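All remarks here apply to the structure that follows.
The values are calculated or read from the model by the stated rules, or taken from the named source; none is laboratory data. Everything numeric here is computed off the predicted structure, so don't read it as measured data. Positions of Cβ are backbone-derived with ideal geometry, glycine not excepted, and every protein chain shown enters the neighbour counts. Remember, those area values only see protein heavy atoms, side chains included, never the ligands or the DNA or RNA. Shrake-Rupley method; radii C 1.70, N 1.55, O 1.52, S 1.80 Å.
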Amino acid sequence: MRQHGKLEYGGQAAPQRTCVGCRVRTAKSELLRLVRVEDHVVPDLRGRLPGRGASLHPSLSCLELAERRRAFPRAFRVRGPLDVSRVRAHLEGEPRNVM
Ligand SMILES: [Zn+2]
């Protein structure tokens, strides 16, 4: 009965979050934190924006999955659709729509 070989970081498990797209649990550090600003979802690149966050793998396929599942309104507890164009622009690496 060995207890070694677990994911241990100084005796504590690394914080994990579930990707809102593919629903896979991953270390928080691997996921992009997203926050809602009015009816937009924006990437919280510095991890400093206040409020409820959602986590997403930094990949367009997870973003598309999340959109298809309407995961963002659920994650942010709002009814209306949310605009994810800034997240998409960030993932595509394009400077448009970046403030
Ligand atoms: Zn994912």
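Details
- Within region 1-29, the set of residues being open to solvent by 100 Å² or more (accessible area, probe 1.4 Å) and at pLDDT 95 or above comprises 23, 25.
- Flag if residue 45 is within 12 Å of the chain's Cα centre (by Cα), modelled with pLDDT under 95, at negative phi and open to solvent by 70 Å² or more (accessible area, probe 1.4 Å): yes
- Only one entry of 22, 62 meets the criterion of being within 16 Å of the ligand (Cβ to nearest atom), under 13 Å from the mean Cα position of the chain (by Cα) and not in a loop (DSSP other than H, G, I, E, B), and that entry is 62.
- Selection within region 30-42 - within 15 Å of the ligand (Cβ to nearest atom), assigned to a strand (DSSP E or B) and open to solvent by 40 Å² or more (accessible area, probe 1.4 Å): 33
- The set of residues from region 49-68 being open to solvent by 50 Å² or more (accessible area, probe 1.4 Å) and modelled with pLDDT of 95 or more comprises 58, 60, 61, 64, 65, 67, 68.
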